[in-house]
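Here the structure is laid out as structure tokens; the discussion comes afterwards.
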């Protein structure tokens, strides 16, 4: 059982869950039971996506110093069992969604379809430069956020309000995907997987990733300058600033030496401090809704 839980790779998609959670509370606070059930469904289908990805990437993962230890690549879970496990997760997740709100099923199917096309031949979107980072941004940032909005029936909210939140989330996840691709560069290049990192080189893609994430981080200040966001909300970003310092230092190491090891160190640091930041932002969003800010 432990190997199947490990195959879900929960630590790799905490940010995806945050996007969903933010969408479910930012405009309204829906009934707890409804959010809880749909959130569990989201976790299940997202886990299925990662298991499916390991099935199709098992050969490349075996050549990857870090991913070679994953359950499917290492052989601790057979490819056949991985497929069955992924399918069971999908069925269970979609069943929960169908019970709570059949209309949300369409969003979940789009989400699953996009990520299936990302990993699965003949589409294999992960092997298309630029397309890979667009898909990752939409699939990990925009769509989960939009699915969260669906829980609160706020899909008809003003489009500009939705995009003000969705765009930074999309940029952050696109940037994170690029850095991940840099860590997978050697294995992907050997397998002929033409990701953005393989196509344009590690140094360039790391810089592009940094620009995307910096743009997302600065966006609230731009919004405030144009009167789209209250200045009082900027206090949150000054609170989070100390948490970004260790991550920035690790990012500087990656620019100097964009190796798998430096990327892994950056991911570990970002995971550690990013989880704290996510908890703070989510708690702040809930507090502002309850307090009526």
- Query: From 114, 96, 92, which residue is in contact with a helix residue (DSSP H, G or I) (Cβ under 6 Å, 6 or more places away or on another chain), within 25 Å of residue 131 (Cβ to Cβ), touching a residue at least 24 places away in the same chain (Cβ under 8 Å) and in a helix (DSSP H, G or I)?
  - Reply: 114
- Message: Being in contact with a helix residue (DSSP H, G or I) (Cβ under 7 Å, 6 or more places away or on another chain) and under 21 Å from residue 187 (Cα atoms) is true for just one of 125, 143, 138. Which residue is that?
- Response: 125
- Hey, residue 140 modelled with pLDDT under 95 and part of a helix (DSSP H, G or I) or not: no
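Residues are listed down the side, and each one gets a yes or a no for (1) surrounded by fewer than 20 Cβ atoms within 10 Å (Cβ to Cβ); (2) touching a helix residue (DSSP H, G or I) at 6+ places or on another chain (Cβ under 7 Å); (3) in a loop (DSSP other than H, G, I, E, B):
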position: 4; (1), (2), (3): yes, yes, no
position: 17; (1), (2), (3): yes, yes, no
position: 21; (1), (2), (3): no, yes, no
position: 29; (1), (2), (3): yes, yes, yes
position: 36; (1), (2), (3): yes, no, no
position: 41; (1), (2), (3): no, yes, no
position: 46; (1), (2), (3): no, yes, no
position: 49; (1), (2), (3): no, yes, no
- Task: Kindly check whether there is at least one residue in segment 212-231 that is in contact with a helix residue (DSSP H, G or I) (Cβ under 7 Å, 6 or more places away or on another chain) and closer than 30 Å to residue 56 by Cα.
- Result: yes
- Just checking, which of 277, 270, 285 is at pLDDT below 90, touching a helix residue (DSSP H, G or I) at 6+ places or on another chain (Cβ under 6 Å) and either within 30 Å of residue 205 (Cβ to Cβ) or part of a helix (DSSP H, G or I) (or both)? 285
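Okay, residues lined up against (1) under 30 Å from residue 126 (Cβ atoms); (2) without any contact (Cβ under 8 Å) to a residue 60 or more places away in the chain; (3) in contact with a strand residue (DSSP E or B) (Cβ under 8 Å, 6 or more places away or on another chain):
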| site | (1), (2), (3) |
| --- | --- |
| 188 | yes, no, no |
| 194 | yes, no, no |
| 208 | yes, yes, no |
| 225 | no, yes, no |
| 255 | yes, yes, no |
| 289 | no, no, no |
- Residues (assigned to a helix (DSSP H, G or I) and surrounded by fewer than 21 Cβ atoms within 10 Å (Cβ to Cβ)) located in segment 186-211: 186, 189, 190, 191, 199, 200, 203, 204, 207, 208, 210, 211
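The values are calculated or read from the model by the stated rules, or taken from the named source; none is laboratory data. Fair warning: this is a prediction, and the values are worked out from it, not measured in the lab. Note that each Cβ is placed from the backbone with ideal geometry, even for glycine, and that neighbours are counted across all protein chains shown.
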